């Protein structure tokens, strides 16, 4: 092989750079779940909290398709409770401070849902 | 969520995974609840609208209907020809372009007539849409999924009634803040929109906003039910529709 | 073969640099369109497609036109075209790239473009258009590359490539037919609702595409000395002449049906295009008449053999032909389709400066792709001795 040392050095630098996310992740310690502001007067979400935490995006996706494409605008949760399918009029009626709830968690997870370009956020947010 | 990107990555990821391991796991998240239509929802086999234009004497008479519609759906008031309209007015010869009769009574020559999406039985807009963002529901309503629309505007070229509007500019800049109806979303740059026969109101047991504002001059009901308001009105009166020769079978009738 | 892109004259690099600058500038303009919306264009509620889609349509034609070289060469074993064929195929690739870009810049939500594949809708012609365009791009890439590689190694191309070449002939017809179906199947647009649309598209493509190719070949000859062969040029010019005659004939058929039947819907777009509306003459009217004059002038120079074979006049005749077909398909088709609008009224449309800049950017990308591909082809031709005057 020509220029063995240069090639090897290049490969090592490349691998090091390529894997930086892992290194920085390991160095910076474990992920801290952000302290989100939960609804004051409510005890329960539409589904168990672990499920919501992990799957709320899928749920919203499905809600949207069911409501708009199947005209099924009522959701019967796993506990048998009925909910009107609506991002603005159901989710955000309880989670009425999106800045301290949705956004806070999303920012620390680097996801930026674009829903609010159309869906109206509750008052108090600016 | 940027649905396309998300699903694309997911599909790409799952396929890569399946290729390397030979197992295509069921990656789709489980939905643990079920769905239903709601007890109060108004139901029909084929929704249709009958507008009794005889009960309106001037353009001002239609204003409450248009205002109700545009308020209920946060329709922006954009000046110029890049505007958005779900319901609007125009002259007889613009509305009923096939009827080229120069000797009509003044009422027709000068009068204004309301226009909106016709919710056709054979909708060209649905036929041409490349993503299924506009589609026909089982009750005959031609609906829009604004989340899926890519803004290609094929539907606008396809619609023979000019019922569709495209968001050329950011609509939020042309809506009051706070929006007139905080319960309903606005739209965003780059998607097409139109009248949806107020599907979101029907689901709650309410009639469309314009019908409610019309005090009985606009009927709304099931075209497949011989006893419905609309069928009775059509049986007892002479009605016309826009561009019937195109075979689209509009669901909006005009009593004249 | 790719390494051949890296060696070139100063002029070659300056040309590439110029194109990159143009692309960069127009990308900045496109950025404003992305953030502010398509409101920066001249399109509106009634004329909802404009310059972008018309350029898309025109370049689908240019892409399809490669078949005018492939078909005689492979179906009729017309050997004289073999030297030039690779340039036609590579031009088709550049044209398809431009088509794709013109669609993307026209979308209101380009980041969702993948929805067309994620939610395939076989009832939409757009779905098929996507499939045939992607297929055509792949076909030409494979065929172009394999045949060029064979030429470089001074061998016959592998046998299996024949299958793809025959397929590409049929495919070329399909891309422009499907593109015509985008328009011809729409119920309310009088100017488009005509069964001859696909035939018109093909005929105009088969004259304008090869004409563009020949013009570019002349430039190439000036710059590099590559000679496509006089016989080949003459034959292709004949093909162009026939196609243009048919194209004009088809347009006249439209005129007959519209005006003899006297159906207002059929007549109105034509009247608007050529005579304006209610005493007002739109800008497009001047262009349409220019197209008429250019079309007939080019035919006058192409039909008589003595003029047609005059290599001094030929570039002018071809240039006029290209311009005429571009106005017809690249402007008139869209403006006529949307005027009068669905309310039988007139809504004006004029492309804005930013719209034209974005379109220029796409042109520049097309030119860049073409330059790079042709550079490879030329170098290979030089190496294999198929370059100068003789064989």
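Summarised in one figure, the compactness ratio Rg/Rh of the range C:206-361, Cα atoms and Kirkwood Rh, is 1.05.
Going from the fewest other Cβ atoms within 10 Å to the most, the residues A:45, C:28 appear in the order C:28, A:45.
Averaged over the residues of peptide B:89-99, the number of Cβ atoms from other protein chains lying within 10 Å of each residue's Cβ is 2.
Is it possible to state the helix-based mean residue ellipticity at 222 nm for chain B, with each DSSP H run of 4+ residues giving -39500 (n - 2.57), the sum divided by total residues, to the nearest 500 deg cm²/dmol? What is it? Please list the in-between numbers first.
Details: 9 runs with 69 residues, N = 256.
Helix contribution divided over all residues of chain B: -7000 deg cm²/dmol.
As a proxy for reagent exposure, ranking B:177, C:106 by other Cβ atoms within 10 Å from fewest up yields B:177, C:106. From zero outward in steps of 5 Å, how is the percent of C-alpha pairs of the range C:161-225 spread across the bins? That works out to 4, 15, 16, 15, 15, 14, 10, 6, 3, 1, 0, in percent per bin.
What is the Cα radius of gyration of the range C:221-297 over 2.2 N^0.38 Å, N being its residue count? Write out the running numbers ahead of the final one.
Values: Rg = 18.4 Å, N = 77, 2.2 N^0.38 = 11.5 Å.
Working it through for the range C:221-297, the quotient is 1.60.
Which semi-axis lengths, in whole Å and largest first, follow from the square roots of five times the eigenvalues of the Cα gyration tensor of the range B:30-150? Write out the running numbers ahead of the final one.
Working: eigenvalues 211, 62, 57 Å².
Working through the eigenvalues yields semi-axes of 33, 18, 17 Å.
By the helix-only formula, in which each DSSP H run with n ≥ 4 contributes -39500 (n - 2.57) and the sum is divided by residues, chain C has a 222 nm mean residue ellipticity of -24000 deg cm²/dmol.
Counting only other chains, and only Cβ atoms inside 10 Å, what mean value do you get across the residues of A:56-67? Walk me through the intermediate numbers first.
Values: counts 0, 4, 5, 4, 1, 7, 4, 3, 6, 5, 5, 5.
Average per residue, whole number: 4.
The convex hull drawn around the Cα atoms of chain A, when projected onto a plane and averaged over every direction, covers 13.1 nm².
At q = 0.21, 0.23 Å⁻¹, what base-10 log of I(q)/I(0) does the Debye formula yield for the range C:1-84 when every alpha carbon is treated as an equal point scatterer in vacuo? Per q value, in the given order, log10 I(q)/I(0) is -1.04, -1.08.
In percent, how large is the relative contact order of chain C, given Cα pairs closer than 8 Å and 6 or more residues apart? Once normalised by length, the contact order is 30 percent. Averaged over peptide C:341-354, the number of partner chain Cβ atoms lying within 10 Å of each residue's Cβ comes to 3. For chain A, what does the relative contact order come out to in percent, with C-alpha contacts under 8 Å and a separation of six or more? Relative contact order of chain A: 23 percent.
Go ahead and estimate [θ] at 222 nm for chain A from helices alone: -39,500 (n - 2.57) per DSSP H run with n ≥ 4, summed, over the residue count, rounded to 500.
Values: 4 runs with 50 residues, N = 126.
The helix-only estimate for chain A comes to -12500 deg cm²/dmol at 222 nm.
The three principal axes of the Cα atoms in the range C:91-132 give end-to-end lengths of 31, 21, 13 Å, sorted in falling order. Take the convex hull of the alpha carbons in the range B:144-235; its mean projected area over all directions comes to 8.1 nm².
What ranking of A:105, B:152, B:117 emerges when the number of other C-beta atoms within 10 Å of each C-beta is taken as an exposure proxy, fewest first? Please report the intermediate quantities before stating the final value.
Values: A:105 16, B:152 30, B:117 25.
Fewest to most other Cβ atoms nearby, the residues stand as A:105, B:117, B:152.
As a rough guide to protection, the peptides B:102-113, B:162-173, C:117-128 ranked by mean Cβ packing within 10 Å, highest first, stand as B:162-173, C:117-128, B:102-113.
Which semi-axis lengths, in whole Å and largest first, follow from the square roots of five times the eigenvalues of the Cα gyration tensor of the range A:49-117? Let's see the in-between values first.
Working: eigenvalues 92, 38, 29 Å².
Taking √(5λ) for each eigenvalue gives 21, 14, 12 Å, largest first.
Take each peptide in C:282-292, A:107-117, C:307-317, count the other Cβ atoms within 10 Å of every residue, and average; sorted highest first, the result is C:282-292, C:307-317, A:107-117.
Hey, any idea what Rg/Rh is for the protein assembly as shown, computing Rh the Kirkwood way over Cα pairs? Intermediate values should be presented prior to the final figure.
Values: Rg = 30.0 Å, Rh = 29.6 Å.
Here Rg/Rh amounts to 1.01.
Sorted on the mean count of surrounding Cβ atoms within 10 Å across their residues, most packed first, peptides B:191-197, C:180-186 read B:191-197, C:180-186.
Can you give me the orientation-averaged projected area of the convex hull built on the Cα atoms of chain C, in nm²?
On the way: hull surface 80.3 nm².
Value for chain C: 20.1 nm².
Using all pairs of distinct alpha-carbon atoms, the Kirkwood hydrodynamic radius of the range B:3-255 works out to 20.2 angstrom.
Read-outs: derived from the displayed coordinates by stated rules, not from any lab. Note that this is a predicted model, so its numbers are computed, not measured. With ideal geometry, Cβ positions are generated from the backbone for all residues, glycine too; neighbour counts draw on all protein chains shown.
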